[in-house]
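Here is the structure we will look at, set down as C-alpha cells.
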Amino acid sequence: MYALDWQSTCYEYYPQVKTRKENPTFILDKNYEHGGYNAYFPEFYPDGDYYLFFSKDLSWGYLTDPWRQHIFVYGEQLRKEIEKNAQYLGFTLIESIVGI
C-alpha cells in the first residue's frame, strides 16, 4: 500500500512487516547532501497532519482529517473491519455510506 503524509515524505508501506519505525528515522541515500535524510513515518491516528493510506490499485483507502479529527474509509472490506473494531480503536462512527 502507499502511505502519504501531507507536505512530507511518501512511502510504499507493507503492514504485514511488524517493525515500528522511530520518528525521525535517518534514511541513507547518497543523493542527499549529508548522505541521507530524516523521514517521519505516518501514524494511524490523525495527530495534526493529513495522512492517506491506500492500496496500489486504489480499491480501498484510509484518509485522515486532523482538524475535524475524522477519518474517511472506503473499500467494502476495510470499511467493515473499521466498523467491527470501532470501539476498540476508540472511533465513533458518524455515518456509513454503502456503495460509494
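The values are calculated or read from the model by the stated rules, or taken from the named source; none is laboratory data. Computed from a prediction, not measured in an experiment: that's the story for all the values here. With ideal geometry, Cβ positions are generated from the backbone for all residues, glycine too; neighbour counts draw on all protein chains shown.
For the reader, a short list of remarks on this structure follows.
- For first residues located in region 57-78 and within 19 Å of residue 15 (Cα to Cα), partners that are surrounded by 16 or more Cβ atoms within 10 Å (Cβ to Cβ) and basic (Lys, Arg) and lie 6+ apart or on another chain with Cβ distances below 7 Å form the pairs 73/79.
- Here residue 3 meets the list (1) at pLDDT below 80; (2) under 19 Å from residue 71 (Cβ atoms) almost entirely, failing just condition (1).
- In region 77-93, the residues that are closer than 16 Å to residue 1 by Cα and either β-branched (Val, Ile, Thr) or surrounded by fewer than 12 Cβ atoms within 10 Å (Cβ to Cβ) (or both): 77
- Top-ranked residue of region 18-71 - restricted to ones that are modelled with pLDDT of 85 or more and acidic (Asp, Glu), ranked as farthest from residue 6 (Cα to Cα): 33
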